[in-house]
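So the structure is just underneath, and the comments pick up after that.
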Amino acid sequence: MNLRQKILIPLVGMVLAIYFYSGKEEFKPEMLKEKRVIVTGASTGIGEQIAYHLAQMGSHLLITARTEARLQQVVAHCLELGAASARYINGSMEDMNFAQAVVKKAEELWGGLDMLILNHIGKSYFHYFNRDIEHVQKLLNINFLSYATMSVSALPMLKSSGGSIVVVSSLAGKIGFPWTVPYSSTKFALEGFFNSLRQEFVMQNINVSITLCILGLINTESAMKAVSGIYPIPPAPKEECALEIIKGGILRQREIYYKYMFTKIPTLFRDWAPELMDYFIRKSFNVDNLNQD
Ligand SMILES: NC(=O)C1=CN([C@@H]2O[C@H](COP(=O)(O)OP(=O)(O)OC[C@H]3O[C@@H](n4cnc5c(N)ncnc54)[C@H](OP(=O)(O)O)[C@@H]3O)[C@@H](O)[C@H]2O)C=CC1
Ligand SMILES: C[C@H](CCC(=O)NCC(=O)O)[C@H]1CC[C@H]2[C@@H]3C(=O)C[C@@H]4C[C@H](O)CC[C@]4(C)[C@H]3CC[C@]12C
């Protein structure tokens, strides 16, 4: 190694270390105190856990899903946990008027908004694509278009608060997995929409952060039911997942990967060796356990 390399390599390493690790703010739960937060898909699963964490941190919460009875139970528990306030509005995100109504409700309640956590998904399946294009259309409305609609409606409030949009996505929005064609389409759509929107926010000096959350398998009831016996990766806990999502949003991170090993590493492989990645994915699925109906 010549002298120039002996000087350059450590220098580059130092610059990269300073760039990536300087100014990294430490998360503190009090960052969420009194923050006004919408959480969608909060009647169960990861969204429910996000609501409970925010309640313990003293946020104002507006949660939404379709099942009113479940939302009432979650709101009651949020108040027990110490939420500054907790309200719900129930309806389907298949209806863009409802998606807009959720944001309007927040404006009526609080006169503003600090964080929009887009988490809900419509029912789909973990199976070979059944060529049902109507299902793809419906899932694009629920899992993608409603996210865009809510973000557009909430933008004036988020601009005045310097707030955050948190988009819950998946490894299925970064890599093509079998048996998730409709679902994966909606997650890739989120990637394109929000990564492009983030560029425009920077160019227009709009101080609203966009955090994409790339999740692997999480131990929610619906996911466990969908993949039982087919997808061998151990699921991660929904409680910890929810906390990582909140941390990524309030720290205004571009992306969070959870669990890191099972999401970031495969994403790197996707770019370095896509065919090899695809091969390993196909090999990791227990095809025999897939009910062939
Ligand atoms: N669990 C996992 O393994 C992974 C999950 N993720 C992502 O995490 C997020 C949450 O997933 P998870 O907690 O497992 O999902 P769940 O199925 O547990 O919860 C889905 C939530 O969305 C609501 N919902 C369903 N349909 C509609 C609808 N039409 N309109 C409005 N709300 C609706 C449900 O309530 P209700 O039925 O009452 O409407 C529920 O609150 C999703 O974005 C998912 O893609 C990403 C990777 C892995
Ligand atoms: C098929 C699941 C959707 C279950 C559903 O219909 N929920 C709504 C309801 O029941 O009302 C998928 C939800 C999460 C998916 C998993 C995920 O996103 C992580 C992995 C991503 C990878 O690309 C494929 C395998 C995953 C485990 C993926 C499998 C399908 C879900 C469980």
Point-to-point label distance, VAL12-TRP272, nm (Cα→Cβ direction, 7 Å offset): 1.6 nm
Could you tell me whether the chain comes out rounded, prolate or oblate from its Cα gyration tensor? Rule is a ≥ b ≥ c as square roots of the eigenvalues, rounded for a/c under 1.5, then prolate if a/b exceeds b/c, otherwise oblate. oblate
With unit charges on the beta carbon (Lys/Arg positive, Asp/Glu negative), name the residue among ALA65, ILE9, THR149 whose Cα is farthest towards the positive pole of the charge dipole of the chain. ILE9
Between VAL136, THR267, CYS241, whose Cα lies farthest towards the positive end of the dipole of the chain when Lys and Arg beta carbons carry +1 and Asp and Glu beta carbons carry -1, centred on the Cα centre? THR267
Restricting attention to the alpha-carbon atoms of segment 52-119, what are Rg (one decimal) and Dmax (integer), both in Å? 11.7, 32
What is the gain in length, in nm to one decimal, between GLN73 and ASN2 on full extension, counting 0.36 nm per residue of separation less the C-alpha to C-alpha distance? 18.8 nm
Quick one: which of LYS35/LYS247; LYS104/LYS259; LYS174/LYS238; LYS187/LYS238; LYS123/LYS247; LYS35/LYS259 span more than 23 angstrom between C-alpha atoms? LYS104/LYS259; LYS123/LYS247; LYS35/LYS259
Can you compute the charge dipole magnitude of segment 28-288 about its Cα centre, using +1 on each Lys and Arg Cβ and -1 on each Asp and Glu Cβ, nothing else charged? Give it in debye, rounded to the nearest 20. 240 debye
Mean residue ellipticity at 222 nm from the helices of the chain, using -39,500 (n - 2.57) per DSSP H segment of n ≥ 4 over the full residue count, to the nearest 500 deg cm²/dmol? -16500 deg cm²/dmol
I'd like the distance between the alpha-carbon centres of segment 141-175 and segment 214-293, rounded to an integer number of Å. 21 Å
Mean separation of Cα pairs under 8 Å and 6+ residues apart, divided by the residue count of the chain: what relative contact order is that in percent? 16 percent
Roughly how many Å is it from the Cα centre of segment 76-111 to that of segment 194-211, as a whole number? 25 Å
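Bear in mind that the values in this text are calculations on the coordinates, not laboratory data. Here the structure is a predicted model, which means the values were calculated and not measured. Quick reminder, even Gly has a Cβ in these numbers, built from the backbone with ideal geometry, and neighbours come from all protein chains shown.
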